[in-house]
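A.B. asks: Pasting in a structure now, in structure tokens, and then I'll have a few things to ask.
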Amino acid sequence: MGWTHWWGVVVILVGWGSGMAMAYNEGGHHYTVSAIFAEGRPATAIADPYKVVEAFCAQLPDLAMELDAITQRQHVLWTKNEWRWGVFGDCQTNRCRHMVATHLFLHALTGTEVVPVRQAAGALIQAIDQEVQAVQKASPQDIQHLVNLACERGFADHLLGDTFAHAELHGDESKPIRLYPTGLGHWRDMHTPDFMLSRQVKKISQNTWQQWVEHASVIIEGRVGGAAVTALAIDLSPEDRSDMKDAFAEQALDMKLLKFLPDLSWKPYTPTLLEWRTDTFLNTLCEEQLQYGPSKRTGGTGVPSIQSIRPQCRTVWEGYLTRALRIFPPAVLPYASYKSEVLDRSGRLTIKLEDGQ
């Protein structure tokens with residue numbers, strides 16, 4: 001790593017801090033997951049409230065300061081005694097260990113081959129579903145637990161989506177494609193990988209948004225589908241929107257996804273998710289996003305509640321991270337001692353959500 005690592009950070013700070021539009025501004029995870037859910041039910045049916053929560057939480061890792069990939073890298077950059085990450089790629093503080101956790105388990109920034117991480121995302125969803133079934137059987141009145149699990153499933157949905165978005169653009173397609181690395185992310189390609197149609201424009205055949213939709217339909221909904229969703233991109237003429245100025249038709253696709261949603265329970269919150277992220281580096285805490293939306297000043301309504309119960313961000317993150325550490329293959333971890341640094345001998349986390357503040 002060495003100087004290449006630090007030069008990448010400089011590029012991130014200059015390029016990502018320049019006001020350039022980002023996919024994070026658009027809510028692509030949320031609208032895509034919502035559309036996948038909507039495709040599989042009658043237009044007149046009321047959306048499952050747990051799926052509404054899940055779809056919001058699929059976007060939350062790009063909206064909350066403690067979970068956002070760019071913000072966490074910035075925190076580590078300015079953390080005293082954390083120079084070893086930039087030079088040797090290992091951590092000295094819990095702030096660095098937390099950054100690594102968000103990059104690996106939410107944003108699929110592992111630097112390893114795509115397939116094992118994508119399989120781990122599917123295994124996470126399956127494990128969460130098993131716990132949901134157990135809670136529904138033993139304690140169906142425990143709404144808080146079920147709401148937290150719905151949000152945890154949204155985190156896994158985000159990871160699954162990012163195994164497509166964060167697959168390297170310039171890999172040799174005759175070989176297994178790799179994901180962008182922890183810490184550095186996709187600084188060499190700026191924001192291009194995040195835009196849903198960028199691969200279509202660049203005539204890259206693997207890890208496209210369309211493939212994400214088709215794969216996610218099977219993994220998160222248990223059905224072969226996605227055709228009605230991917231058809232929304234057909235007439236967007238991406239060849240005419242092939243640069244960063246038009247963001248590869250990102251907003252146009254989000255608006256079509258939004259119109260695809262048949263009732264108010266799938267519609268954006270107040271204000272819309274398009275407006276929830278306006279800064280490169282976030283200063284809004286996860287719990288604030290869940291309770292108020294973008295900020296108290298803008299009158300945000302937060303995520304939908306179920307019987308006035310919303311997800312508890314710390315509980316969701318700790319449950320998700322503990323599960324991910326158990327499921328992810330060891331080869332994905334950045335260095336050999338990482339797991340023992342974040343889990344004690346009893347299997348309890350030694351890092352907290354607050355380490356990302």
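Only the coordinates and a few stated rules stand behind these numbers; no lab work does. Just so we're clear, the structure is a prediction, and the values are computed from it rather than from any experiment. As a convention, Cβ positions derive from the backbone with ideal geometry for all residues, glycine included, and neighbour counts pool all protein chains shown.
A.B. asks: Under 20 Å from the 7 Å Cα→Cβ point of Ala336, by amide nitrogen: which residues of the range 109-126?
C.D. replies: 112
A.B. asks: Still on this model: When you count, for each residue, the other Cβ atoms within 10 Å and take the mean per peptide, how do 61-69, 217-225 rank with the highest first? Spell out each step's value before the answer.
C.D. replies: On the way: 61-69: 24.9, 217-225: 16.0.
Result, highest mean Cβ count within 10 Å first: 61-69, 217-225.
A.B. asks: Relative contact order (percent) for the range 132-211, with alpha-carbon contacts under 8 angstrom and 6 or more residues of separation?
C.D. replies: Rounded, it is 24 percent for the range 132-211.
A.B. asks: Between Ile309 and Ile46, with labels modelled 7 Å along Cα→Cβ, what's the label distance in nm to one decimal, could you check?
C.D. replies: The answer from the label model is 1.8 nm.
A.B. asks: Rounded to the nearest 0.05, what FRET efficiency do Phe88 and Gln206 have when you use their Cβ-Cβ distance and R0 = 35 Å?
C.D. replies: According to the calculation, E is roughly 0.65.
A.B. asks: Show me the ranking of peptides 114-126, 328-340 by mean Cβ neighbours inside 10 Å, starting with the highest.
C.D. replies: With the highest mean Cβ count within 10 Å placed first, the list reads 114-126, 328-340.
A.B. asks: Can you tell me how much longer the chain between Gln357 and Met190 gets when fully stretched, taken as 0.36 nm per residue apart minus their C-alpha distance, in nm with one decimal?
C.D. replies: Numbers: separation 167, 0.36 × 167 = 60.12 nm, distance 2.45 nm.
Full extension from Gln357 to Met190 adds 57.7 nm.
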